[in-house]
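The values are calculated or read from the model by the stated rules, or taken from the named source; none is laboratory data. Because the structure is a prediction, the values reported are computed rather than measured. Positions of Cβ are generated from backbone atoms using ideal geometry, with glycine treated the same way; all protein chains shown enter the neighbour counts.
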Amino acid sequence: DTVEQLTPALLDDLREESLQLVSKLKDSSSSCAVDVSAVWWEAAGCRELCVVTACESSVSLWKPLASDRWGKVYTWQLGEIPVIQIVPLPDTCNLVCIALGDLEIGEVRLLLYSSENDSFKQALVKTGNIKAVLGLKGRRLVSSSRTMQEQQVEIVSLSETGRSRDGQTLMPPEETVLAFAEVEGMRDALVGTTAVNSIVVWNLKTGQLLKKMHVGYSHPASICHRAYSDSGLLFVVLSHPHAKESESCGNPAFCVIAFNPKTARSTGVTSSSLPPGHAGRYLEGDVKDASAAAVLTSGAIAVWDLLLGQCTALLPPGPAGSWSLARWATPSACLLAGQRDGTVCLYRY
Amino acid sequence: CSESDLGPISLNWFEELSAEAPS
């Protein structure tokens, strides 16, 4: 009954057609799942797309088995500081980072398999009052952190064996940086969104802060997920974690904005609102290419085509409870949908 | 979106801003 109430009939077809359940994994030892991610892992010369699940005190690596089943390969036990999120490193193998902390991120750790001594290891990468962290191509990690006096924006390069090399600092803006996104197709460009709703652009090679552009009052509390440059414009995919259905016209969950970095002027390209009938707010989400997925306070997961600005699929809360996590598994077109009890469902989209 | 809304557009915006910005 609950499912029927939350899923208007017009969305039923799209729900059935767009997402197909491929497999399910359940960590019976996990009491409270906090994050899930897909990662390339190689063992005995065989490279596979594996799944990493995190609960507050441990992180587990799962590999695909026959008949759509999953087997746990290894579990890293963490200390007393709870895991907050998994930080995937794009285009890497046998490496994944995690952020730990209480209310905010206090440290970032690297989890890895070392072929040097044939063992799974963990290594401390960074500590501090960390506001945002993102894995970059080329086995690098960017983070923003605050001391009493100033903000530090730093890039750390990680070696294959996990040892961190010398860091590089980027020129910090005055406002706190809350999220980062690499600019696709531009190796040396990075963007961030700040606490006062600005987009900042850096040159990664020189560390220069190139531009600060205000997102605009019609898109408050924006978090950047993706950026790419085309025809002299910088396109940025933003989410709005406070988006409500009642404000769906003026307060979308996701939007694409085109900025002219030369003039700092911008214009909205598309916006994606919460599907009708879903009371409440956007909770958290993920973007891959032109697809966005988000968990809503109704307990459902909604999927949007960002170029069309349309909701294309809907996963209502299942009999076991509400969804709590939605992550794209790259490079496959799969959605990882997680529940608090440690159940992760893999859907083909 | 039109150029009149966004101002003059440059395909080399990244290189031009890098040349102008303080280092």
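A few comments on the model shown:
- Among the residues making up segment A:294-328, those that are surrounded by fewer than 21 Cβ atoms within 10 Å (Cβ to Cβ), among the hydrophobic types (A, V, I, L, M, F, W, C) and at pLDDT 90 or above are A:Leu307, A:Leu308.
- When residues of segment A:251-276 are limited to those that are touching a helix residue (DSSP H, G or I) at 6+ places or on another chain (Cβ under 7 Å) and farther than 16 Å from A:Val200 by Cα, the one nearest to the other protein chains (Cβ to nearest Cβ): A:Thr267
- Members of segment A:279-332 found to be more than 25 Å from A:Pro220 (Cβ to Cβ), among the polar types (S, T, N, Q) and under 19 Å from the mean Cα position of the chain (by Cα), listed by number: A:Thr330, A:Ser332
- Residue in segment A:169-178 that is in contact with a Ser or Thr (Cβ under 7 Å, 6 or more places away or on another chain), part of a strand (DSSP E or B), away from every other protein chain (no Cβ under 14 Å) and of a type outside the set (S, T, N, Q) present: yes
- Across segment A:129-168, the number of residues qualifying as in a strand (DSSP E or B), small (Gly, Ala, Ser) and over 21 Å from A:Thr330 (Cβ atoms) comes to 5.
- Selected residue (criterion: farthest from the other protein chains (Cβ to nearest Cβ)) from residues of segment A:192-211 that are in contact with a Phe, Trp or Tyr (Cβ under 7 Å, 6 or more places away or on another chain) and over 14 Å from B:Pro22 (Cβ atoms): A:Gly192
- Some residue of segment A:82-97 being polar (S, T, N, Q) and in a loop (DSSP other than H, G, I, E, B): yes
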